[in-house]
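What follows is a set of notes on a single structure, which appears directly below.
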Amino acid sequence: MDKFPKFIIETDSELGDCLILSKCTYHKDLVIDKDRVKGGGWYNLKANIFTFYGDSHDFGSAKMEDIKCCIIKGNVFTNPYLTHSIVHKYRFVYDTQSELIPLN
């Protein structure tokens with residue numbers, strides 16, 4: 001099956017809300033506990049800038065404010081084990097379909 005660039009926001013008992021992104025077939029492939037997922041969507045990575053957009057068929061859309069909060073707290077990970085935050089290596093923006101809003 002094909003893999004696509006997707007993300008979710010899931011609440012961790014120690015870290016709080018965490019942005020988890022990876023290429024996967026389904027958003028549920030990124031989840032540790034589906035009852036703690038706030039939403040998800042898609043991303044595009046180009047020139048060290050992650051652009052978030054869209055929604056998850058499994059969990060609905062993530063709020064831009066929740067995405068920004070994860071970035072500010074440094075809780076951005078490329079795996080569900082929540083190790084090695086990538087927040088300091090990239091820039092992040094949210095695409096509203098009419099404008100790109102910087103998140104960090």
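The values are calculated or read from the model by the stated rules, or taken from the named source; none is laboratory data. Here the structure is a predicted model, which means the values were calculated and not measured. For neighbour counting, all protein chains shown are included, and Cβ atoms are generated from backbone atoms with ideal geometry for every residue, glycine included.
Just a few scattered comments:
- Residue list for the range 15-65, filter: surrounded by fewer than 21 Cβ atoms within 10 Å (Cβ to Cβ), over 18 Å from Leu100 (Cβ atoms) and touching a Leu at 6+ places or on another chain (Cβ under 9 Å): Leu15, Ser22, Cys24, Ile32
- Residues of the range 24-36 include at least one that is modelled with pLDDT under 95, assigned to a strand (DSSP E or B) and not aromatic (Phe, Trp, Tyr).
- Within the range 4-37, the set of residues being touching a helix residue (DSSP H, G or I) at 6+ places or on another chain (Cβ under 6 Å) and charged (D, E, K, R) comprises Lys6, Glu10, Asp17.
- Total residues in the range 1-14, condition acidic (Asp, Glu) and either assigned to a helix (DSSP H, G or I) or surrounded by 17 or more Cβ atoms within 10 Å (Cβ to Cβ) (or both): 1
- Identity of the residue in the range 11-27, in contact with a Lys or Arg (Cβ under 7 Å, 6 or more places away or on another chain) and free of Cβ contacts under 8 Å to residues at least 40 places away in the same chain, that ends up nearest to Phe92 (Cα to Cα): Lys23
- Of the residues making up the range 51-95, those that are in a loop (DSSP other than H, G, I, E, B), farther than 17 Å from Arg36 by Cα and in contact (Cβ under 8 Å) with a residue 24 or more places away in the chain are Thr78, Lys89, Tyr90.
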